[in-house]
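The values are calculated or read from the model by the stated rules, or taken from the named source; none is laboratory data. None of these values were measured; they are calculated from a predicted model. Neighbour counts run over all protein chains shown; Cβ positions are idealised from the backbone, glycine included.
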Amino acid sequence: MMGFLRVRRNHTDTNYLVWVQFRYELQRALTNSGFGEQWAKQIVGAIGELEDNIHTHSDATQTGLLAYRVNEAVLECIVLDLGIGVLASLRQCDDFGFLKDHGTALQIALTDGNSRYGRGSGRGWGFHDLFVGLVNSNAQLRFRSGDHLLSIEGDHPDLAAAVIRQRAYGTGLMIAIRATAN
């Protein structure tokens, strides 16, 4: 099963119903493919957090895209936008004004409690939800922003296991997820 969504939702219009349907169909596809019901809900919730980040951090909501494919106990999902990227987003906060490197910005953004709103804002926990949702799923995660790629692989996705590589410059943020049901 596959799904695709352009991020344009507004909680007061009919596009929001499209977002609700997208999440429902993803959850159903995961459950039908061997991901347990609770596990499917966790993954869908985490992807919901990633979609919300496009609204909160990208400064280019209309460029957001989500796509997934679930087949034979494997989830492949992409969440991306062509916004300002992680470095520029974090630098809007005095806590992270010192940042100059996209790789370091990715590491900081993926660390619990860090957000463009500051360390003490109570925000910055969405990636934690993603990591928890993918535990025991032989996951591969790729985060690409600016001129860096941060990748994490394994049964227990953990930032400590991340590999950071410099790449050609790209706009915005792209998150690629691949997970296998056990």
Out of 137, 145, sole residue that is under 23 Å from residue 37 (Cβ atoms) and either in contact with a Leu (Cβ under 8 Å, 6 or more places away or on another chain) or surrounded by 15 or more Cβ atoms within 10 Å (Cβ to Cβ) (or both) = 137
Taking the range 17-42 and keeping residues part of a helix (DSSP H, G or I) and farther than 16 Å from residue 4 by Cα leaves 31, 32, 37, 38, 39, 40, 41, 42
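Please indicate, with yes or no, whether at least one residue in the range 61-70 is part of a loop (DSSP other than H, G, I, E, B) and surrounded by 17 or more Cβ atoms within 10 Å (Cβ to Cβ).
Yes, because at least one residue in the range 61-70 is part of a loop (DSSP other than H, G, I, E, B) and surrounded by 17 or more Cβ atoms within 10 Å (Cβ to Cβ).
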Confirm whether residue 160 is within 24 Å of residue 43 (Cα to Cα) and in contact (Cβ under 8 Å) with a residue 24 or more places away in the chain.
-> no
Among the listed residues 116, 167, which satisfies the condition of being free of Cβ contacts under 8 Å to residues at least 24 places away in the same chain, charged (D, E, K, R) and touching a Leu at 6+ places or on another chain (Cβ under 6 Å)?
-> 167
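Picking from 152, 177, 164, which residue would you name as being assigned to a strand (DSSP E or B) and in contact with a Cys (Cβ under 7 Å, 6 or more places away or on another chain)?
Numbers: 152 fails: in contact with a Cys (Cβ under 7 Å, 6 or more places away or on another chain); 164 fails: in contact with a Cys (Cβ under 7 Å, 6 or more places away or on another chain).
Exactly one of 152, 177, 164 is assigned to a strand (DSSP E or B) and in contact with a Cys (Cβ under 7 Å, 6 or more places away or on another chain), namely 177.
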Check on residue 76, surrounded by fewer than 20 Cβ atoms within 10 Å (Cβ to Cβ), under 28 Å from residue 145 (Cβ atoms) and modelled with pLDDT of 95 or more | yes
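Residue under question is residue 152, and the condition is that it be closer than 23 Å to residue 45 by Cα and either surrounded by fewer than 22 Cβ atoms within 10 Å (Cβ to Cβ) or touching a residue at least 12 places away in the same chain (Cβ under 8 Å) (or both); does it hold? Steps first, please.
Values: closer than 23 Å to residue 45 by Cα: yes; either surrounded by fewer than 22 Cβ atoms within 10 Å (Cβ to Cβ) or touching a residue at least 12 places away in the same chain (Cβ under 8 Å) (or both): yes.
It is true that residue 152 is closer than 23 Å to residue 45 by Cα and either surrounded by fewer than 22 Cβ atoms within 10 Å (Cβ to Cβ) or touching a residue at least 12 places away in the same chain (Cβ under 8 Å) (or both).
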Counted residues in the range 80-123 being surrounded by fewer than 17 Cβ atoms within 10 Å (Cβ to Cβ) and among the basic types (Lys, Arg) come to 3
